[in-house]
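Below you'll find the structure, written out as structure tokens, and then a few comments.
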Amino acid sequence: MKTTLYLIRHAESDHAVRDAKTRPLTEKGLRDAKKLPQFFKTVPVTRIFSSPYLRASQTVLPLSKDKNLPVITDERAREWMGGRPFPQEIFESRMREMFEDEKATNGGAESLKALKKRTMALLMHLLTRYPGETIVIGTHALALTAAIMNFDSSIGLEFLMNLLPVTPYIAEMIFEDFALVSMRFINPCYEETAFSREDKI
């Protein structure tokens, strides 16, 4: 049975707000989030899930209103627990360490291995409980990357670093039962397919 998952990296957020859980979208982010209903206009979305973090839920809210579907919060869609914000140069260094050693906790932060396990549990839950449906998940850059790493070994740090400037961003994953059969990455504001993985799966 075919099930489609759309993992949506949140729209632009306001980094002046230091608390990761309550950081909102910027005005641009709110405008971009309002473009999602048009992108999904002909997509038969049946359920919408989101990270509990504000920027993720704000991103999928216009779509939930348009589709008349509730936003279901799931902790497994939240972002990496890094402990605190890092300057860009420190963040890049931490990411390199994390991807080189998936078990590394970097002084108490969540390891990549744990993040992959958490996001995999969410995807398997959705595939098991809602087969045949089309589901949207509002999430974050690193969580999205970790989730798809479970299915595509070619995804890694380079993908994440290229993803960071793009907000919002969609990974469309199509499954036959529990097997991923196609995946494409889309910038919904421009309705562009960045690239597809169909030939590699």
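Yes/no matrix, rows are residues, columns are (1) buried (at least 16 other Cβ atoms within 10 Å of the Cβ); (2) within 26 Å of Pro131 (Cα to Cα); (3) free of Cβ contacts under 8 Å to residues at least 40 places away in the same chain:
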{"position": "Met149", "(1), (2), (3)": "yes, yes, yes"}
{"position": "Leu160", "(1), (2), (3)": "yes, no, no"}
{"position": "Phe175", "(1), (2), (3)": "yes, yes, no"}
{"position": "Ala179", "(1), (2), (3)": "no, yes, yes"}
{"position": "Met183", "(1), (2), (3)": "yes, yes, yes"}
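Just name the residue that is nearest to Lys117 (Cα to Cα) out of those in the range 162-173 that are of a type in the set (Val, Ile, Thr) and buried (at least 20 other Cβ atoms within 10 Å of the Cβ). Explain how you work it out, then say what you get.
Narrowing the range 162-173 to residues of a type in the set (Val, Ile, Thr): 166-167, 170.
Now drop any that are not buried (at least 20 other Cβ atoms within 10 Å of the Cβ), which leaves 167, 170.
Numbers: Thr167: 25, Ile170: 21 Å.
Among those that are of a type in the set (Val, Ile, Thr) and buried (at least 20 other Cβ atoms within 10 Å of the Cβ), it is Ile170.
Just so you know, all these numbers are worked out from the coordinates, no wet-lab data involved. Source: prediction; values computed, not measured. Please note: Cβ atoms are built from the backbone with ideal geometry, for glycine as well, and neighbour counts cover all protein chains shown.
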